[in-house]
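Only one structure is covered here, and it is reproduced in the block below.
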Amino acid sequence: MSIEVKDLTYTYSPNTPYAATALRGVSLHIEEGEYVGIIGKTGSGKSTFIQHLNALIRLQSGEIKVYDIDLNAKKPDLKKLRGTVGMVMQYPEYQLFDETVEKDVSYGPRNLGLSEEEIRERVREAIELVGLDYEEVRDRSPFELSGGQKRRVAIAGVIAMRPRILVLDEPIAGLDPRGKQEILALIKKLKNAYSPTVIVVSHDMDSVAENCDKVALFADGEIARFASPREIFYDDELLSRTEMDCPSVVKVVKELERLGKSLPTRPVTKAELVAALTVGEGV
Amino acid sequence: MNNIVFGQYYPSGSVVHRLDPRVKLVMVLLYIVTIFFVVDYAMYGALFLFVLAVALLSKVPLRILFRTVRTIVILVLITAVINLFFTQGEEMLFSWKFIHIYKEGVERAIKLALRLILLMLFPSLLTLTTTPMELTDAIESLLSPLKIIKVPVHAIALIMSIALRMIPILMEETNKIILAQKARGADFDTGGALKKAKAMIPVLVPLFVGAFRRADELALAMDARCYSSVAQRTKYKVMHLAVRDLIASLFCLAVFSLVFLNKYLWHFDEMILSLFG
Ligand SMILES: Nc1ncnc2c1ncn2[C@@H]1O[C@H](COP(=O)(O)OP(=O)(O)O)[C@@H](O)[C@H]1O
Ligand SMILES: [Mg+2]
């Protein structure tokens, strides 16, 4: 069990006229090695939830355990927690600050208190993992890079801490189709490298259906359903109640059904759709 | 952040909130002037009751109002102590080596502390019941006679309102950046002053970069819509004086004139003393 959340409730600015309850009794178990998608309309509490996972938000009520780190403890080991849960916030490129790419990426590992040698090693590896040329970019200012490159440098800054759990808040928002594909491929690569557990908040149903093992559907501060993409995206009542869209593969299947062609399986990825379509034709 | 106005604004929709912001602003200015004419404890008490009455009317919890005083506690203490020790007088209360405390010093310290606290309370009530935008509009309206002598009142008001509008955005951005750097293991809470200052660099640099980016975008967007500060424009919310504004003004003016009457004509302190003595 890598993450265990029980009955998490959170209110912003409690006891003021601006009080806003963002989470109501959220419980979730995430196993090591799972690729979890978090979906839900804006304001449903997704960001608030994931920010709890590395104690960026102080627990108000409920329980959270990340591996053996108990966030309900009096003084949880925050350094260890932040080395374990790598958080890539929304628009991470806006967090870059140092003179050179190398220095910026080394900020996280340095805060973990690693040796200089270890830091250099991790920084090089992280920059190469995100697909940049270490020798070429190490001494450049992060501010002179292109948008996509900046986002990669920012992600490198998080994975240089070698987190076992990688959490990303809308990592493909505001990117062009090619940039989206690159980042999604990068997340897969990172999952195989150090971070077996990946949690991604996304509004892109296609990529969620394509990549995730499980999907947590947030609605109004609660988890409406935590299940496989297949169970969620074929539940019309659930989707319309939570104002969610389904991925294009599912739309195709529904259109086919409307035309009188029903499939033997319920595909959610493109590969599954192709397999389902070709099966009957004996190819 | 769902249209939250920054700072202190405490929405309760009371009658004080609905008063014309110009009236509130002028009354606060008069109040500040009045404070300096208070001479005796009775008047401090009267003004305190006045502030309390307005606070109750405004439905702002007293706890929140008095919290604003916390920010000046140190200032109050320092001025009080300085006055206590350095005021010379006739009636010595206490003397030890080079420290001499006179009755006049005690009195002065108390009165200054009261004055500072009262100076803080009423203007705080203004910002608690008036949004920054309303205040900017009020200032623009009150300064508009200066347009005759070619003061760019509208441009000044626009700069003020953009600055005010930017504050909550920048605060939100600061929070986000702090969270992001914390996620990268940043530690803002431990270490000496120098270490803490250094820890802020990863927050300040992105903040400034973002602020310049936003300023650029805003200027571009305004240009794209042919914004001009000399054009005649109408207001979304037009300010009208209402009967309640007249009543509020009269009430305030009555209280303020009490202070002046007390200073120049009567002396409540002596009256009260003679009643009991
Ligand atoms: N810093 C904040 N202060 C006050 N309210 C907030 C803050 N952040 C989020 N909220 C509120 O909490 C709710 C959940 O927000 P969030 O977790 O950001 O949702 P999502 O990421 O799903 O869009 C929303 O109603 C939002 O208005
Ligand atoms: Mg969000």
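Give, as a single signed number, the net charge of other residues whose beta carbon lies under 12 Å from the beta carbon of B:Phe86, with Lys and Arg counted +1 and Asp and Glu -1.
0
Give the long-range amide H neighbours of A:Ser27: residues separated by 5 or more places, or on another chain, with amide H under 5 Å away, using H modelled in the peptide plane at 1.01 Å from N.
Sorted by chain and number, the residues that satisfy this are A:Asp7, A:Leu8, A:Ile223.
Name the residues whose placed amide hydrogens come within less than 5 Å of the amide hydrogen of A:Val200, ignoring near sequence neighbours (fewer than 5 apart) on the same chain.
A:Val36, A:Gly37, A:Ile38, A:Leu168
Note down the net charge around B:Ile101, summing +1 for each Lys or Arg and -1 for each Asp or Glu among other residues with Cβ under 15 Å from its Cβ.
Charge balance near B:Ile101 sits at -1.
If you put +1 on each Lys and Arg Cβ and -1 on each Asp and Glu Cβ, how big is the dipole of chain B around its Cα centre, in Debye rounded to 20?
840
Which of A:Phe97, A:Asn15, A:Val5 sits closest to the plus end of the dipole of chain A, meaning its Cα is farthest towards the positive end, when Lys and Arg get +1 and Asp and Glu get -1 on the C-beta?
Looking along the dipole axis, the top candidate is A:Asn15.
Just how large is the dipole of chain A about the Cα centre, in debye to the nearest 20, putting +1 at every Lys and Arg Cβ and -1 at every Asp and Glu Cβ?
Dipole about the Cα centre, nearest 20: 440 debye.
For region B:211-221, just list the computed ³J(HN,Hα) in residue order, Karplus coefficients 6.51, -1.76 and 1.60, θ = phi - 60°, integers in Hz, with x standing in for Gly and Pro.
Couplings: 5, 5, 4, 5, 4, 4, 4, 5, 4, 4, 5 Hz.
Using a simple charge model, +1 on the beta-carbon of Lys and Arg, -1 on the beta-carbon of Asp and Glu, nothing else, what dipole does the protein assembly as shown show about its Cα centre, in debye to the nearest 20?
1240
Might you tell me the accessible area per residue for region B:103-221, computed with a 1.4 Å probe and given in Å²?
For region B:103-221, the solvent-accessible area averages 53 Å² per residue.
Please give the residues from region B:166-199 for which the solvent-accessible area of heavy atoms, probe 1.4 Å, is smaller by at least 20 Å² with all protein chains in place than with the chain isolated.
So the qualifying set is B:Leu179, B:Ala180, B:Gln181, B:Lys182, B:Ala183, B:Arg184, B:Gly185, B:Ala186.
Residues of region A:108-129 that become at least 30 Å² less accessible with every protein chain present than in their own chain isolated, using 1.4 Å: which are they?
Buried by the other chains: A:Asn111.
Counting Lys +1, Arg +1, Asp -1, Glu -1, what net charge surrounds A:Gly86 among other residues with beta carbon under 10 Å of its beta carbon?
+4
Evaluate the relative contact order of chain B (contact order divided by residue number), counting alpha-carbon pairs under 8 angstrom at least 6 apart; express in whole percent.
Value for chain B: 27 percent.
Convert each backbone phi in region A:168-173 into a coupling constant with the Karplus relation 6.51 cos²θ - 1.76 cosθ + 1.60 (shift: θ = phi - 60°), then list the ³J(HN,Hα) values in order as whole Hz, x for Gly and Pro.
3J(HN,Hα) across region A:168-173, in whole Hz: 10, 9, 6, x, 10, 5.
Which whole-Hz couplings ³J(HN,Hα) result when phi for each residue of region B:177-182 is put into the Karplus expression 6.51 cos²θ - 1.76 cosθ + 1.60, θ = phi - 60°, listed in order with x for Gly and Pro?
5, 4, 4, 4, 6, 4
In Å², rounded to the nearest 100, what is the total accessible surface buried by chains A and B against each other with a 1.4 Å probe?
Answer for the A-B pair: about 1900 Å² buried.
Please give every one of the aspartates and glutamates within straight-line cross-link reach of B:Lys198, meaning a C-alpha to C-alpha distance under 15 Å, and leave out same-chain neighbours fewer than 8 residues apart.
A:Asp98, A:Glu99, A:Asp104, B:Asp187, B:Asp189
Using only Cα atoms, locate the centre of region A:186-227 and the centre of region B:177-198, then give the distance between them in Å, rounded to an integer.
Each part reduced to its Cα centre gives a spacing of 30 Å.
List the residues of region A:54-85 whose accessible area drops by at least 40 Å² when all protein chains are present, compared with their chain alone, using a 1.4 Å probe and counting only protein heavy atoms.
A:Leu56, A:Arg82
Determine the order of A:Arg82, B:Arg233, A:Arg258 by accessible area, beginning with the largest, at a probe radius of 1.4 Å.
So the residues, ranked largest to smallest area, are A:Arg258, B:Arg233, A:Arg82.
Sorted by accessible area with a 1.4 angstrom probe, largest first, how do A:Tyr94, B:Tyr236, B:Tyr44, A:Tyr67 fall?
B:Tyr236, A:Tyr94, A:Tyr67, B:Tyr44
Based on the alpha-carbon gyration tensor of chain A, what equivalent-ellipsoid semi-axes (square roots of 5 times the eigenvalues) come out, in whole Å, largest first?
Square roots of five times the eigenvalues give 33, 26, 16 Å.
Mind checking which aspartates and glutamates have their C-alpha under 12 Å from A:Lys46, skipping anything on the same chain fewer than 8 residues away?
In chain and number order, the partners are A:Asp169, A:Glu170, A:Asp220, A:Glu222.
Charges on Cβ only, +1 for Lys and Arg, -1 for Asp and Glu, centred on the Cα centroid of the protein assembly as shown; of B:Val205, B:Val259, A:Leu239, which one is farthest towards the dipole's positive end?
Of B:Val205, B:Val259, A:Leu239, it is B:Val259.
The values are calculated or read from the model by the stated rules, or taken from the named source; none is laboratory data. Predicted model, so just to flag it, every value in this text is computed and none were measured. In this analysis, Cβ positions are derived from the backbone assuming ideal geometry, glycine residues included, and neighbour counts consider all displayed protein chains. Just the protein is used for accessible areas: all its heavy atoms, side chains included, with ligands, DNA and RNA removed. Shrake-Rupley method; radii C 1.70, N 1.55, O 1.52, S 1.80 Å.
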